[in-house]
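Chemist: My questions all concern the structure below.
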Amino acid sequence: MKKLLTISLLVLLSACGGKESETTSRSENILENLTYSVDTVVVDPGEEIINLKYGLSSSSMSPDQQKLYKFDGNTMQLQEINLDKLALTASFPFEKEGPNGVGPFGNTLTSLRDELFLFSGHNRIGKFSKTGELSQDFDYTIDELLEGEKAKGHMLSQFAYLEGNQLGFFLETNFFDPVFNLVLVNFEEENSKVIDLPEMDITHDYRVVTDDNGYKVSITQEVNVQTINSKAYVSNTVSSGIYRYDPELDTLQYITFPLTLTATQKTRKIKNEVSSAEERKEQTALINSEVRFNELLWDDKSNQFFRFSSILIPSNSEEPSKKSEVFLSAFDSQLNLIGEKKLEELFTVPENAFFKDGKLYSYVNVGDELGFAVFTFNF
């Protein structure tokens, strides 16, 4: 495939702006001749233990991409992993309770400049030094943050942060209704703004709800909020389109892509309300039989975005399939699609992936030791 179709860009501006549209095109597929090699490396923990029970949950890359910080909620240690040395180089004790306790803030970790860290949860955000001292406490409820009548959802999740602007972003959702809003919080001015995300409503069509003795148990599709460089991005696993919010211009754009190797979204109709585990399994299998889209990855070295997508390969046994067809898409810095490739020798999407020095790192558990599969791409 040497040509990619024209990309269409639907621009939806937020309350202060107007409307515009943009069309760009590319005639080259930069991934057409892509080859890659993979090396597995293991982090030296020294005399300590890196707890991998939950993988790389509660972890965050440093802004300079030189270190990975991982918080262990069992030991209350913030572990510093030097990615150049591939070694655990320091551990910092934190308190769970008390004036500097991280317990009330949740375990979502964001690494900032000057060795500062945000711990965020459903209704509280704290800024800490790596020595465990609390310097800023932002306490909120959804009604307070959204001034009561503006709150349409039941919860806030997916916190992401733009340090340069001191802006935080939450995803507001509702269990019963297709409510997807981007909630922007200005920590410096202490105000907030709600931005509707109607293109995310499609994920509500792929929820599976079971009534378990009066309790609603729901399987939902992911909606992800990311901050990359100076903008916020919202994507989901059901469709390929991505929202891009620019706080400097106060503009929200919904970008679609002319994919040719996969469908651009799931299309099968499923049954949302089920009454048994067997029905839930059947509907989940239908969802998984179609393409799934991952969130964006940014490579500083090439100034390009990359994104994995996958289609589950049906199992020939009663055991659920663990293999997928894996695809890689490439985009320029403006999110124009510039390449697509099926990765024939890869059967799982790289986990907790990130780019460093032009190489893709993916978390792997190597005999209960922290490891990375390091992909070197040759275009």
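Chemist: Of all the residues that make up the range 38-61, how many are part of a strand (DSSP E or B) and over 20 Å from the mean Cα position of the chain (by Cα)?
Modeler: Result for the range 38-61: 6.
Chemist: Looking at the range 234-241, is at least one residue aliphatic (A, V, I, L, M), modelled with pLDDT under 95 and under 19 Å from the mean Cα position of the chain (by Cα)? Break it down into steps so the answer makes sense when it comes.
Modeler: Quick first cut of the range 234-241, residues aliphatic (A, V, I, L, M) only: 234, 238.
When the remaining residues are screened for being modelled with pLDDT under 95, the result is none.
The answer is no; no qualifying residue exists.
Chemist: One residue is enough: does the range 149-159 have a residue meeting the conditions part of a loop (DSSP other than H, G, I, E, B), more than 24 Å from D250 (Cβ to Cβ) and either of a type in the set (A, V, I, L, M) or touching a residue at least 24 places away in the same chain (Cβ under 8 Å) (or both)?
Modeler: no
Chemist: Test N123 against the criterion of being surrounded by 17 or more Cβ atoms within 10 Å (Cβ to Cβ), at pLDDT below 95 and closer than 20 Å to S59 by Cα, and give yes or no. I'd like the intermediate steps shown before the answer.
Modeler: Numbers: surrounded by 17 or more Cβ atoms within 10 Å (Cβ to Cβ): yes; at pLDDT below 95: yes; closer than 20 Å to S59 by Cα: yes.
For N123, the condition - surrounded by 17 or more Cβ atoms within 10 Å (Cβ to Cβ), at pLDDT below 95 and closer than 20 Å to S59 by Cα - is met.
Chemist: Related question: Kindly establish whether S58 is touching an Asp or Glu at 6+ places or on another chain (Cβ under 8 Å), under 25 Å from K359 (Cβ atoms) and among the polar types (S, T, N, Q).
Modeler: So S58 fits the description; yes.
Chemist: If you take the residues of the range 309-348 that are of a type in the set (A, V, I, L, M) and closer than 19 Å to L286 by Cα, which of them is surrounded by the most Cβ atoms within 10 Å (Cβ to Cβ)?
Modeler: Residues of the range 309-348 of a type in the set (A, V, I, L, M): 311-313, 326, 328, 330, 335, 337-338, 343, 346.
Now drop any that are not closer than 19 Å to L286 by Cα, which leaves 311-313, 326.
Working: I311: 18, L312: 18, I313: 13, V326: 20.
This residue is V326.
Every residue, every condition in (1) surrounded by fewer than 18 Cβ atoms within 10 Å (Cβ to Cβ); (2) hydroxyl-bearing (S, T, Y); (3) over 29 Å from V291 (Cβ atoms), yes or no:
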| position | (1), (2), (3) |
| --- | --- |
| L146 | no, no, yes |
| A160 | no, no, no |
| F169 | no, no, no |
| D177 | yes, no, no |
| L182 | no, no, no |
| Y206 | no, yes, no |
| A232 | no, no, no |
| G241 | no, no, no |
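Chemist: Pick from Y215, Y245: which is aromatic (F, W, Y) and within 30 Å of E28 (Cα to Cα)?
Modeler: Values: Y215 fails: within 30 Å of E28 (Cα to Cα).
None of the others qualify; the one that does is Y245.
Chemist: Among the residues of the range 200-209, how many are outside any strand (DSSP E or B), within 19 Å of K281 (Cβ to Cβ) and touching a strand residue (DSSP E or B) at 6+ places or on another chain (Cβ under 7 Å)?
Modeler: 1
Chemist: Inside the range 246-299, can you point out the residues that are among the charged types (D, E, K, R) and either at pLDDT 95 or above or part of a loop (DSSP other than H, G, I, E, B) (or both)?
Modeler: Of everything in the range 246-299, those that are among the charged types (D, E, K, R) and either at pLDDT 95 or above or part of a loop (DSSP other than H, G, I, E, B) (or both) turn out to be D246, E248, D250, K266, R268, K269, K271, E290, R292, E295, D299.
Chemist: Look at the range 210-240 and say how many of its residues are out of contact with any helix residue (DSSP H, G or I) (no Cβ under 6 Å at 6 or more places or on another chain), among the hydroxyl-bearing types (S, T, Y) and in a strand (DSSP E or B).
Modeler: Going through the range 210-240 one residue at a time, the tally reaches 5.
The values are calculated or read from the model by the stated rules, or taken from the named source; none is laboratory data. Keep in mind the model is a prediction, meaning the values are calculated, not measured. Backbone-built Cβ (ideal geometry, glycine too); neighbour counts: all protein chains shown.
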